[in-house]
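See below for the structure under consideration.
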Amino acid sequence: MQKILIIGATSAIAEATARLYAAEGAKLYLIARNDERLQLLAGDLKVRGASSVETALLDVNDIAAHQGVLDRACASLGSFDIVLLAHGTLGDQKRCEEEVDAALQELQTNAVSTIALLTTLANMMEKQSSGTIAVISSVAGDRGRPSNYVYGTAKAAVTTFCEGLRARMHKHGVQVLTIKPGMVDTPMTEGMDLPKLLLARPEMIAADIIKAVRKKKDTLYTPLPWKFVMAGIIHLPERIFKQLNL
Amino acid sequence: MKMHGWGRYPEVDAEVFTPQTKREVQELLGRLQGQGVTPRGLGRSYGDSSLGDRMLSTRWMNHLLSFDPESGVLYAEAAVSLQEILQTFVPKGWFLPVTPGTQFVTVGGAIASDVHGKNHHVAGCFCDHVEYLDLITGPDTILRCSPVENPELFHATCGGMGLTGIVYAAAIRLKPVTSAYIDQTTHKASNLREILELFAVHEAEPYSVAWIDCISTGSSLGRSLLMTGDHTRQEKLTVKAGSGLSLPVDMPSALLNRHTIRAFNTLYYHRIRERVVRSHTHYGPFFYPLDSIGDWNRMYGGNGFTQYQFVVPKAAGYPAMKAILETIAGSGKGSFLAVLKAFGKQNRNLLSFPMEGYTLALDFKIEPELFPLLDRLDSMVLDYGGRIYLTKDARMSEATFRRCYPVWEQFQAIREANGLKGRFTSLQSKRTGLD
Ligand SMILES: Cc1cc2nc3c(=O)[nH]c(=O)nc-3n(C[C@H](O)[C@H](O)[C@H](O)COP(=O)(O)OP(=O)(O)OC[C@H]3O[C@@H](n4cnc5c(N)ncnc54)[C@H](O)[C@@H]3O)c2cc1C
Ligand SMILES: NC(=O)c1ccc[n+]([C@@H]2O[C@H](COP(=O)([O-])OP(=O)(O)OC[C@H]3O[C@@H](n4cnc5c(N)ncnc54)[C@H](OP(=O)(O)O)[C@@H]3O)[C@@H](O)[C@H]2O)c1
């Protein structure tokens, strides 16, 4: 029976992932900031077969609260087999260009909070010398694009942080998985005019995440074609890239 | 955002709201201050029932709320899809009491259309298995409705096409099964008279539906394949089909015209040589033959298509079906798959479609000449005492609607008494004079 901690549990991608683990009978500990949705999710996972579901409220930007919440989660589960970090916001890029506070807020939610959580979690996982830390970053962190470079910067920080953390944790038998989804049809992208064909469903991302955890992968591009798309984009010379309005 | 139903006709430019909880739905209704909003599930209704200027997509209200393994009652939010229910509960030995021909519909949509399946003659409609539902009727009201609690609203909401409020959640009685497989028998009928007789002979079979050729005339008028089936006894509760997807995956994707349609119908009919063929098939291909072909609705081209589904009372029987089929065959406009079924008794839901008799559903590509043909079919159906299915419709007139559903005034009175008229609306409700 897997013991799973999810932070940002009400994210559509996290929900879909939790449902797959629940069907396998996992024990889940869910952390999010909206209690109404957290309770709905907890009920849903129980119906699907989770052996137990506990919840806790946390605004990830309340850094002082991290240690306490994580300690309680650990006490409840006993240890962590899998920790999934899924919270995030896709802020308004235009606003981030106009208001310093907006830009910093984006970095706070998408990078600083994640790095803080990972720092605490890494020390807990190092002690237990097992398990997986899976972090949802994004293809947006692979290259700065005019349409979302503040968000992209935060995700790049998370990706780089995870890369270093992976090498550190490797010696302790802890897997660090960096998840880089492409465009996914979730509340985050709702109302954006994205080509339907390129939008993956959260269930597809969830299935890929589960497989990558099982296979002890380091980095997951999901759905897979993004791996090749991003390889192309990463290698575009800057003099060409800067002229594209991506 | 540009929105359409499954038939891709008509298309509207709508504002789409996606509240994530019932509280957010109520907040939205408060903000809209009585401006009309149209509930939207998975958009599998064909025409304009789920379309409006302001649409409320239930999509994120998709949680299972509770399940009682003793009684099989599942309480779920409205956007849970039938596919999701099957995937979760077939392995536990439970099946849907009633399912339409696609699993990509929501619980809310199934209730709003009071959908029927291949077992209507023995099991009735979807809402006949709804224990109760929670209806959001305004910024401050959620009403539990059932045949005993707020019964008037319950019978107006079941089949009420979203015009009485947002179904937030419902409790559905699932049915126990021991297998995910179906024992299927296919019977060949060489004309209309034979197929109607076959339906009578096999009325005790739990599932039955016929594919009918709407192109052939004369002595072959109404030649059909009747498919009957029941859940296999042997225990095997897997969700994924093993192999052998059945027809109609081989549909030609080229332009549809009377020649390709005729060829397809002939091939389909002759794929079975014996008069009776037995097979063993997974519930997927048995109930949802088209679900394995993504976006098959694009096949009809850019103008879209409509599905015409009518029912005529049993008493009108053979002569009615013969006259209507002759009109369709004579027009040369039929579709690939026309589906024929014998319905059981009508229920008490005001705008529910099924009545005891025969129902036929067929697709037509949208083209200007189509509309006069459908008007003509309308008047034939009405003269025989039949009606047309709202969830498939994109064009029936106000007068036709009123004759199809003579209790419309009672429906309207319930909407008015509860302050729902105008608050929950659709393109269809405007076209048919309800708003
Ligand atoms: C391939 C195919 C086969 C089909 N086979 C059958 C069949 O065998 N039998 C049958 O009966 N039907 C059949 N249908 C029709 C389908 O079952 C209905 O149109 C169903 O209502 C679609 O559900 P949906 O979730 O897609 O709802 P939508 O199409 O989005 O909406 C349908 C109606 O329900 C209302 N609605 C949706 N959600 C809610 C809610 N939460 N609260 C209040 N109102 C709501 C909408 O306003 C609209 O009036 C078929 C459709 C397809 C595409
Ligand atoms: N959707 C995509 O196309 C896409 C692509 C690449 C990567 N991603 C990443 O995937 C992850 C999941 O996103 P999603 O697509 O599933 O979107 P989502 O459903 O909007 O999920 C985002 C979640 O983050 C939570 N959150 C935001 N700020 C928070 C805070 N301060 N404290 C606690 N929780 C907070 C949100 O909670 P509330 O709802 O309560 O605000 C929400 O549950 C994110 O990291 C996102 O960056 C998404």
Index of the failed condition, A:I234 passing every other in (1) away from chain B (no Cβ under 14 Å); (2) touching a residue at least 40 places away in the same chain (Cβ under 8 Å); (3) under 17 Å from the mean Cα position of the chain (by Cα): (3)
Identity of the residue in the stretch B:138-171, of a type in the set (S, T, Y) and within 11 Å of ligand 1 (Cβ to nearest atom), that ends up farthest from B:R348 (Cα to Cα): B:Y168
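Going by the structure shown, is B:L32 in contact with a strand residue (DSSP E or B) (Cβ under 9 Å, 6 or more places away or on another chain) and within 29 Å of B:L96 (Cα to Cα)? Walk me through how you get there before you give the answer.
Working: in contact with a strand residue (DSSP E or B) (Cβ under 9 Å, 6 or more places away or on another chain): yes; within 29 Å of B:L96 (Cα to Cα): no.
Judged against the criteria, B:L32 is not a match.
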Where A:K217 falls short, out of the listed (1) closer than 18 Å to A:D81 by Cβ; (2) in contact (Cβ under 8 Å) with a residue 60 or more places away in the chain; (3) in a loop (DSSP other than H, G, I, E, B): (2)
Residue list for the stretch B:281-307, filter: in a strand (DSSP E or B) and more than 13 Å from ligand 1 (Cβ to nearest atom): B:T281, B:H282
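State all residues of the stretch B:121-135 that are surrounded by 24 or more Cβ atoms within 10 Å (Cβ to Cβ) and either part of a loop (DSSP other than H, G, I, E, B) or within 12 Å of ligand 1 (Cβ to nearest atom) (or both); if no residue qualifies, say none.
B:C125, B:F126, B:C127, B:L133, B:L135
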Given (1) over 15 Å from the mean Cα position of the chain (by Cα); (2) crowded, with 23+ Cβ neighbours inside 10 Å; (3) of a type outside the set (G, A, S), index of the condition B:D114 fails: (1)
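Quick one: would you say B:S45 is without any contact (Cβ under 8 Å) to a residue 40 or more places away in the chain, of a type in the set (S, T, N, Q) and crowded, with 19+ Cβ neighbours inside 10 Å? Walk me through it before giving the result.
Details: without any contact (Cβ under 8 Å) to a residue 40 or more places away in the chain: no; of a type in the set (S, T, N, Q): yes; crowded, with 19+ Cβ neighbours inside 10 Å: yes.
Judged against the criteria, B:S45 is not a match.
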Residues within the stretch B:42-68 that are more than 10 Å from chain A (Cβ to nearest Cβ), out of contact with any helix residue (DSSP H, G or I) (no Cβ under 7 Å at 6 or more places or on another chain) and in a loop (DSSP other than H, G, I, E, B), tallied: 3
Count of the stretch B:69-102 residues which are away from chain A (no Cβ under 13 Å) and of a type in the set (S, T, Y): 3
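Here's the yes/no breakdown for (1) surrounded by 21 or more Cβ atoms within 10 Å (Cβ to Cβ); (2) near ligand 2 (Cβ under 10 Å from one of its atoms):
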| position | (1), (2) |
| --- | --- |
| A:A14 | yes, yes |
| A:Y21 | yes, no |
| A:G49 | no, no |
| A:V60 | yes, yes |
| A:D81 | no, no |
| A:A86 | yes, yes |
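Regarding A:N34, is this residue within 14 Å of chain B (Cβ to nearest Cβ) and among the polar types (S, T, N, Q)? Can you show your working first?
Details: within 14 Å of chain B (Cβ to nearest Cβ): yes; among the polar types (S, T, N, Q): yes.
Answer is yes for this residue.
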Complete set of residues in the stretch A:44-103 that are touching a helix residue (DSSP H, G or I) at 6+ places or on another chain (Cβ under 7 Å) and basic (K, R): A:R48, A:R95
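Checking the condition over 30 Å from A:G191 (Cα atoms) and more than 14 Å from chain B (Cβ to nearest Cβ), which residue from A:L28, A:L85, A:L57 passes?
Numbers: A:L85 fails: over 30 Å from A:G191 (Cα atoms); A:L57 fails: over 30 Å from A:G191 (Cα atoms).
So the residue among A:L28, A:L85, A:L57 that is over 30 Å from A:G191 (Cα atoms) and more than 14 Å from chain B (Cβ to nearest Cβ) is A:L28.
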Some residue of the stretch B:164-183 being on the phi < 0 side of the Ramachandran plot, without any contact (Cβ under 8 Å) to a residue 40 or more places away in the chain and in a loop (DSSP other than H, G, I, E, B): no
Filter result for the condition that a residue is more than 16 Å from ligand 2 (Cβ to nearest atom) and over 22 Å from the mean Cα position of the chain (by Cα), over B:I166, B:I172, B:I85, B:I142: B:I142
Index of the failed condition, A:A206 passing every other in (1) more than 8 Å from ligand 2 (Cβ to nearest atom); (2) outside any helix (DSSP H, G or I): (2)
Residue selected from the stretch A:1-23 under the condition part of a loop (DSSP other than H, G, I, E, B) and within 12 Å of chain B (Cβ to nearest Cβ), by the criterion nearest to ligand 1 (Cβ to nearest atom): A:T10
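Give the stretch A:220-245 a look and list any residue that's surrounded by 13 or more Cβ atoms within 10 Å (Cβ to Cβ) and assigned to a loop (DSSP other than H, G, I, E, B), or say none.
Kept after step one, since they are surrounded by 13 or more Cβ atoms within 10 Å (Cβ to Cβ), are these residues of the stretch A:220-245: A:220-223, A:226-227, A:229-230, A:233, A:236, A:241.
A:P223, A:L236 - these are the residues of the stretch A:220-245 that are surrounded by 13 or more Cβ atoms within 10 Å (Cβ to Cβ) and assigned to a loop (DSSP other than H, G, I, E, B).
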Which numbered condition B:V37 misses (of (1) within 14 Å of chain A (Cβ to nearest Cβ); (2) of a type in the set (V, I, T); (3) under 24 Å from B:L143 (Cα atoms)): (1)
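Could you tell me whether B:V148 is without any contact (Cβ under 8 Å) to a residue 24 or more places away in the chain, more than 16 Å from ligand 2 (Cβ to nearest atom) and over 23 Å from B:L29 (Cβ atoms)? Break it down stepwise before answering.
Numbers: without any contact (Cβ under 8 Å) to a residue 24 or more places away in the chain: yes; more than 16 Å from ligand 2 (Cβ to nearest atom): yes; over 23 Å from B:L29 (Cβ atoms): yes.
The answer is yes for B:V148.
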Condition check for A:I115: among the aliphatic types (A, V, I, L, M), within 14 Å of ligand 2 (Cβ to nearest atom), touching a strand residue (DSSP E or B) at 6+ places or on another chain (Cβ under 7 Å) and on the phi < 0 side of the Ramachandran plot: no
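Could you please let me know if A:A122 is under 18 Å from A:V158 (Cβ atoms), more than 15 Å from ligand 2 (Cβ to nearest atom), away from chain B (no Cβ under 14 Å) and touching a strand residue (DSSP E or B) at 6+ places or on another chain (Cβ under 9 Å)?
Working: under 18 Å from A:V158 (Cβ atoms): yes; more than 15 Å from ligand 2 (Cβ to nearest atom): yes; away from chain B (no Cβ under 14 Å): yes; touching a strand residue (DSSP E or B) at 6+ places or on another chain (Cβ under 9 Å): yes.
Answer is yes for this residue.
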Number of positions in the stretch A:74-94 that are under 9 Å from A:I4 (Cα atoms) and assigned to a helix (DSSP H, G or I): 1
Among residues of the stretch B:218-271, those that are closer than 30 Å to B:F95 by Cβ, modelled with pLDDT under 70 and touching a strand residue (DSSP E or B) at 6+ places or on another chain (Cβ under 8 Å), counted: 4
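The values are calculated or read from the model by the stated rules, or taken from the named source; none is laboratory data. Predicted model only: the values in this text are computed from it and were never measured. A quick note on method: Cβ atoms are made from the backbone with ideal geometry, for glycine too, and the neighbour counts reach across all protein chains shown.
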